[in-house]
Amino acid sequence: MKYKPELSDAIIALVGDCDFATNGKEILFWKEGNPTQPSAEDLATKLTELTTAWEAYQEPRKKEYPSIADQLDDLYHNGLDGWKATIKATKDKYPKP
């Protein structure tokens, strides 16, 4: 997940693919025929779980990636393959869940 998880991510994680609309904080629309709507408590729990997993790899990666200036220098001196190796080392250290 490239961005911090939102309510819609928690819904999809709990229910799967279904028709709904949110304003980011609450469900605005739940199409008839969908699976049973999860409780607010279940959604909050799942959102916390997804956010914790996201932060466990995202935040440490941000801290360990070289600065943009250093990455550009790496590209110049070591080419694309050298740059990819540098970035891959951090990605491997903190894999996505």
Among what's in the range 35-69 and is among the hydroxyl-bearing types (Ser, Thr, Tyr) and closer than 30 Å to LYS91 by Cβ, pick the residue that is surrounded by the fewest Cβ atoms within 10 Å (Cβ to Cβ).
-> SER67
Please find, within the range 1-11, the residue that is modelled with the lowest pLDDT out of those that are in a loop (DSSP other than H, G, I, E, B) and either of a type in the set (Val, Ile, Thr) or loosely packed, with under 15 Cβ neighbours inside 10 Å (or both).
-> MET1
Can you tell me how many residues in the range 12-34 are free of Cβ contacts under 8 Å to residues at least 12 places away in the same chain, outside any strand (DSSP E or B) and surrounded by 10 or more Cβ atoms within 10 Å (Cβ to Cβ)?
-> 1
Return the residue satisfying two criteria in turn: it lies in the range 40-79 and is under 16 Å from the mean Cα position of the chain (by Cα) and of a type in the set (Phe, Trp, Tyr), and of such residues it is farthest from ASP9 (Cα to Cα).
-> TYR57
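The values are calculated or read from the model by the stated rules, or taken from the named source; none is laboratory data. Owing to the predicted nature of the structure, the values given are computational and were not obtained by experimental measurement. Please note: Cβ atoms are built from the backbone with ideal geometry, for glycine as well, and neighbour counts cover all protein chains shown.
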